[in-house]
Amino acid sequence: QFTDEKIKDASCGYYHTGLVTQSGKVFTFGENDNGKLGLGEDSDDTYHVPQPVFLVDVAERICCGNTCTAVMTSSGGLYMCGDGQRGQLGFAPNTLTKCVYTLTKVPCPR
């Protein structure tokens with residue numbers, strides 16, 4: 001539960017906020033437009049309290065943009081969600097017009 005967690009990192013975007021706890025969990029709240037909260041749903045609902053966001057890795061940092069959210073993990077991974085119509089999520093060109101509703105790993109070149 002969020003009330004038992006200490007905050008390690010926080011970021012504010014356009015009508016949304018993201019938090020990373022000391023234990024590496026991710027919480028988001030605010031406007032969910034285009035899936036930028038990473039809650040797995042296509043809705044424009046607004047959440048007034050922090051919501052847990054599923055992530056398969058341990059989060060280290062979070063950055064909230066205008067229409068998207070980025071999470072860096074302890075293993076060096078980058079996960080993104082939100083509106084990718086301008087390529088800001090870092091996925092292949094065939095996904096540029098799609099919204100990503102869950103934190104999804106970005107394939108980084110080696």
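Restricting to segment 53-91, count the residues that are in contact with a Leu (Cβ under 9 Å, 6 or more places away or on another chain), surrounded by fewer than 19 Cβ atoms within 10 Å (Cβ to Cβ) and not in a loop (DSSP other than H, G, I, E, B). Residues meeting the conditions: 1. Of the residues in segment 48-62, at least one is farther than 23 Å from P107 by Cβ and either basic (K, R) or free of Cβ contacts under 8 Å to residues at least 40 places away in the same chain (or both). Report, by residue number, each residue of segment 92-104 that is assigned to a loop (DSSP other than H, G, I, E, B) and modelled with pLDDT of 80 or more. K98, the sole residue that qualifies.
Does N34 count as of a type outside the set (S, T, Y), open to solvent by less than 50 Å² (accessible area, probe 1.4 Å) and closer than 19 Å to C99 by Cα? Talk me through it step by step, then tell me what you get.
Details: of a type outside the set (S, T, Y): yes; open to solvent by less than 50 Å² (accessible area, probe 1.4 Å): yes; closer than 19 Å to C99 by Cα: yes.
So N34 passes the test.
Sort through V26, V58 and tell me the only one that's over 10 Å from the mean Cα position of the chain (by Cα) and modelled with pLDDT of 95 or more.
Working: V26 fails: over 10 Å from the mean Cα position of the chain (by Cα).
That would be V58, the only listed residue that is over 10 Å from the mean Cα position of the chain (by Cα) and modelled with pLDDT of 95 or more.
Restricted to segment 1-31, and to residues there that are more than 21 Å from T104 (Cβ to Cβ) and aromatic (F, W, Y), the residue that is least open to solvent (accessible area, probe 1.4 Å) is F2. Of the set (1) buried (at least 16 other Cβ atoms within 10 Å of the Cβ); (2) more than 18 Å from G87 (Cα to Cα); (3) touching a Cys at 6+ places or on another chain (Cβ under 8 Å), all apply to D42 but (1).
The values are calculated or read from the model by the stated rules, or taken from the named source; none is laboratory data. These numbers were taken from a predicted model, which means no experiment stands behind them. With ideal geometry, Cβ positions are generated from the backbone for all residues, glycine too; neighbour counts draw on all protein chains shown. Surface accessibility is based on the protein's heavy atoms, side chains included, excluding ligands, DNA and RNA. Shrake-Rupley method; radii C 1.70, N 1.55, O 1.52, S 1.80 Å.
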